[in-house]
1. Of the conditions (1) crowded, with 16+ Cβ neighbours inside 10 Å; (2) modelled with pLDDT of 95 or more; (3) over 16 Å from the mean Cα position of the chain (by Cα); (4) within 25 Å of residue 31 (Cβ to Cβ), residue 99 clears all except one; give me its number.
2. Could you please find all residues in the stretch 150-159 being under 13 Å from residue 140 (Cβ atoms) and in contact (Cβ under 8 Å) with a residue 40 or more places away in the chain?
3. When the stretch 115-136 is examined, which residues are found to be on the phi < 0 side of the Ramachandran plot and in contact (Cβ under 8 Å) with a residue 60 or more places away in the chain?
4. Can you tell me which of 214, 205, 245 is assigned to a helix (DSSP H, G or I), in contact with a helix residue (DSSP H, G or I) (Cβ under 6 Å, 6 or more places away or on another chain) and over 30 Å from residue 149 (Cβ atoms)?
5. For residues that are surrounded by fewer than 19 Cβ atoms within 10 Å (Cβ to Cβ) and either touching a residue at least 40 places away in the same chain (Cβ under 8 Å) or within 24 Å of residue 118 (Cβ to Cβ) (or both), tally how many sit in the stretch 28-51.
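The values are calculated or read from the model by the stated rules, or taken from the named source; none is laboratory data. What you see is a predicted model, and the numbers here were worked out from it, not measured in a lab. Ideal geometry is used to build each Cβ from the backbone, glycine not excepted, and the neighbour counts take in all protein chains shown.
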């Protein structure tokens, strides 16, 4: 970042960021609330950035409009790391970037992942492409998060990527109906082929009775990542990474519920109860 004096956040920037986070209804909210104030505000800013660019990728406008929106954020990231942010969210990120040494390349990776959505490429991608997508939209967020939480060691960085993949695969398995309504299908092409499911439209795939075979197979991959993540946590600063532990445990319970329901209604969006989320936050947030 340049040596020029950085502009201070404007009076409404923090409120704008908190509003974006609260409005999203994210499961991450209670985990973030456990952080000390400076780290909590930093995570709110990171999440608000993710929410903003995700909204661009999901916009119902034409593809050129989505491209312009993401390109504008690429330019804004350059200004941000030069110490010249112009948007409320990027101004809110300026302090966290300096305080926690947040890498420019991880913000760029998130934008690369959103571009994959914006370009309408996500219709039964090859497994390698799906995992690249997970690294960009979830692993990159994890890499920013562990730095904010207070552990940027090798094990924590590996945890960020592994847990990010576990959580994103779980999201994919939960959001089949919502994604199909946008014409998206994140299930791996190889898994569909092995189950002899033709890749027509996303809705066609959801109507195929062999879908559960594919979902269970992807769930097994997610389960492997959850177990790997739990092993990595033992090598990290457990206290610093309490928010990551909470999200890991909450999403692992969600994956278990999805597997038990076996995608009997693939368009239904399952979740764990608010009470269970609060129990997980209490159980793993105060160790």
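1. Only one criterion is unmet by residue 99, namely (1).
2. In the first step, residues of the stretch 150-159 are kept if they are under 13 Å from residue 140 (Cβ atoms); the result is 157.
None; the set is empty.
3. Going residue by residue through the stretch 115-136, those that are on the phi < 0 side of the Ramachandran plot are 115-119, 121-123, 125-136.
117, 118, 122, 123, 125, 126, 127, listed by residue number.
4. None of the other options fit; the residue is 214.
5. Count: 3.
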